[in-house]
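The values are calculated or read from the model by the stated rules, or taken from the named source; none is laboratory data. Just so we're clear, the structure is a prediction, and the values are computed from it rather than from any experiment. Using ideal geometry, Cβ is built from the backbone for each residue, glycine included, and neighbour counts are taken over all protein chains shown. These accessible areas exclude ligands, DNA and RNA; they are computed on the full protein's heavy atoms, side chains included. Shrake-Rupley method; radii C 1.70, N 1.55, O 1.52, S 1.80 Å.
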Amino acid sequence: MDGMAMTLRLTDDETEALRRAAEAANMSMQEFARAAIREKASSWAEQREAFLQAFVADNKDLLDRLAQ
């Protein structure tokens with residue numbers, strides 16, 4: 001597998017929640033955790049992009065003045 005290795009330390013409650021969720025999804029705990037990380041990262045990137053687009057639109061006049 002390509003990539004960097006990482007150790008993730010979870011509390012007992014977090015481990016149990018991960019185990020239950022992975023089991024319900026018929027996935028390994030590792031598969032479930034990696035999918036959750038990808039989903040969260042994608043969602044965060046989409047939210048960030050939407051915020052930046054709204055910020056630029058809402059502050060167009062100010063940004064135009066600063067660019068001069």
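A few remarks follow.
- Solvent exposure, largest accessible area first (probe 1.4 Å, DNA, RNA and ligands not counted), of M6, M27: M6, M27
- Dimensionless Rg ratio for the chain, taking C-alpha atoms and the 2.2 N^0.38 Å reference: 1.79
- Percent carbon-and-sulfur accessible area, the chain, ignoring ligands, DNA and RNA, probe 1.4 Å: 55
- Counting 0.36 nm for each residue step from A35 to R65 and taking away their Cα separation leaves a gain of 6.5 nm.
- Think of a 1.4 Å ball rolled over the protein heavy atoms: the chain then has 94 Å² of accessible area per residue.
- Positive-end residue of A35, F55, T15, charge dipole of the chain with Cβ unit charges: F55
- Largest GNM mean-square fluctuation among A50, A36, A22, using the chain with Cα springs under 10 Å: A50.
- Spin-label model, E23 to A57: label points 7 Å out along the Cα-to-beta-carbon direction sit 4.6 nm apart.
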